[in-house]
Amino acid sequence: MSAMDTWLALAAQDRERRGIIRRADRIGGAGESTLDLASNDYLGLTSDPRVRAAAIRAIEREGTGARASRVVTGTLSAHLELERELCELTNQPAALVFSSGYLANLGVLTALGGADAQIFSDAHVHASLIDAARLSRASVERFPHADLVALRGALANRSAPRAIVVVESIYSVLGDACDLVATAALCAEQDALLVVDEAHGVGVAGCGRGGVHAAALAGAEHVVMTATMSKALGAQGGAVLGSHALREHLVNTARSFIFDTGLAPAAAAAAAEACRIVAAEPQLVASLGANGDLVAGIWGVARAAGAVHSLRVSTPEAAARITERLRESGILVGCFRPPSVPDGISRLRMTANAALSPAQVSHAAEVIMAAVHDEGALA
Ligand SMILES: Cc1ncc(COP(=O)(O)O)c(C=O)c1O
């Protein structure tokens, strides 16, 4: 066995011992015999004929790839159209499209960070923001989830001249909303910049226009927003939204923008069409909320601010067993277990997808609840 093989085998054993084996060889997605309640396609737009047609038209017009970085020859009309539609939807002055939400987060924090900055990040923020903060050369401090008292103390005692606070408008872990009005007011008072990841907010919160818009913070000088096209917008790609000066700064300094090929035109055009649909059809976003009410009622949990509801399960092993049983019966649910959850609690997660009928959503929520009861695993 080579040294590399030995090292890989040890790493695999360690994963096995910790019960975190991930798989990327199972084909997901909804089909005739499967109901996909684990996906982030909250509004069902990946299969909307208008979104698909927009992607096809973009391929016919601009080809299948962007061919280069956007700062070379890779900026296409589909990117500029998407930036316009995102600004229109969220009421932001300017947008810059990256090739994923992960890269948008990496880009914004590395471009705004630096040795003279300190980043304060909520304990529940996504891995992309954690990685971005680490790469930013700023010092990084985590504050307890949604604890504005702790954040105020940390900001008041900061050691660096510039402070950047990082939150999500709707958190992926619990589906709860950040109090953006209070957080932005605190940031203004403490002269800090607020970066809000709206991955789970766009298409969901504030009639689909996002949490920053709902909090009347779009265009606020000290608030920057990031978004992904890969969830409610049913496409792929990411964006940073804020002032024109911020956009200009990112074009010149964000390494995940400069040294990356532009987003594929099909994805950009699909996301632009999805923005138009979200803006024009508030009833689509409303049906996501109505389906969420059904899930919360059946599970006896609080209604999540986001599209995903979660049900606490007694042990990680039970959560994995139930997920597998549901998969065998054609229902795909998310399974979050330690160590990948920040609060150490195992959960099954279900998207209250707007494309499903109330009957389908109720039936699925009941089947999931019954499976948890059968295992005696309700926490
Ligand atoms: C909060 C949050 N931010 C960023 C991302 C990354 O987005 P993308 O999938 O477009 O890279 C995700 C995706 O899981 C997310 O949940």
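The values are calculated or read from the model by the stated rules, or taken from the named source; none is laboratory data. All figures in this text were calculated on a predicted structure; none of them were measured in a lab. Please note: Cβ atoms are built from the backbone with ideal geometry, for glycine as well, and neighbour counts cover all protein chains shown. Side chains included, ligands, DNA and RNA excluded: accessible areas come from the protein's heavy atoms. Shrake-Rupley method; radii C 1.70, N 1.55, O 1.52, S 1.80 Å.
The requirement of being at pLDDT 95 or above, buried (at least 22 other Cβ atoms within 10 Å of the Cβ) and not β-branched (Val, Ile, Thr) is fulfilled somewhere in the stretch 144-154, by at least one residue.
Here the condition is being surrounded by fewer than 24 Cβ atoms within 10 Å (Cβ to Cβ), under 17 Å from residue 132 (Cβ atoms) and in contact with a helix residue (DSSP H, G or I) (Cβ under 7 Å, 6 or more places away or on another chain); of 183, 253, 228, it holds for 253 alone.
Residue by residue, here is whether (1) open to solvent by less than 40 Å² (accessible area, probe 1.4 Å); (2) closer than 27 Å to residue 344 by Cα holds:
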{"residue": "133", "(1), (2)": "yes, yes"}
{"residue": "156", "(1), (2)": "no, no"}
{"residue": "160", "(1), (2)": "yes, no"}
{"residue": "167", "(1), (2)": "yes, yes"}
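Elements of the type helices (runs of 4 or more DSSP H) sitting completely within the stretch 105-219 and holding at least 1 residues that are among the acidic types (Asp, Glu) and within 16 Å of the ligand (Cβ to nearest atom): these cover 127-135. Residues in the stretch 220-237 that are within 14 Å of the ligand (Cβ to nearest atom) and either more than 16 Å from residue 92 (Cα to Cα) or not in a strand (DSSP E or B) (or both): 229, 230, 231, 232, 233, 234, 235, 236, 237. Identify, please: which residue in the stretch 321-337 is under 23 Å from the mean Cα position of the chain (by Cα) and farther than 15 Å from residue 172 by Cα and is, among those, surrounded by the most Cβ atoms within 10 Å (Cβ to Cβ)? This residue is 323.
Here 32, 60 are screened, and the one residue that is open to solvent by 80 Å² or more (accessible area, probe 1.4 Å) and modelled with pLDDT under 95 is 32.
Against the condition in contact with a Phe, Trp or Tyr (Cβ under 9 Å, 6 or more places away or on another chain) and touching a residue at least 12 places away in the same chain (Cβ under 8 Å), how does residue 284 come out, does it pass?
Details: in contact with a Phe, Trp or Tyr (Cβ under 9 Å, 6 or more places away or on another chain): no; touching a residue at least 12 places away in the same chain (Cβ under 8 Å): yes.
It is false that residue 284 is in contact with a Phe, Trp or Tyr (Cβ under 9 Å, 6 or more places away or on another chain) and touching a residue at least 12 places away in the same chain (Cβ under 8 Å).
Can you spot a residue in the stretch 20-37 that is of a type in the set (A, V, I, L, M, F, W, C), at negative phi, touching a residue at least 24 places away in the same chain (Cβ under 8 Å) and part of a helix (DSSP H, G or I)? No, the stretch 20-37 contains no residue that is of a type in the set (A, V, I, L, M, F, W, C), at negative phi, touching a residue at least 24 places away in the same chain (Cβ under 8 Å) and part of a helix (DSSP H, G or I). Among the residues of the stretch 338-370, those identified as over 23 Å from residue 204 (Cα atoms) and surrounded by fewer than 22 Cβ atoms within 10 Å (Cβ to Cβ) are 338, 339, 340, 342, 343, 344, 345, 366, 367, 369, 370. With respect to (1) away from the ligand (no atom under 13 Å from the Cβ); (2) buried (at least 21 other Cβ atoms within 10 Å of the Cβ), the lone exception for residue 244 is condition (2).
Residue 261 meets all of the listed conditions (1) within 16 Å of the ligand (Cβ to nearest atom); (2) crowded, with 19+ Cβ neighbours inside 10 Å but one, namely (2).
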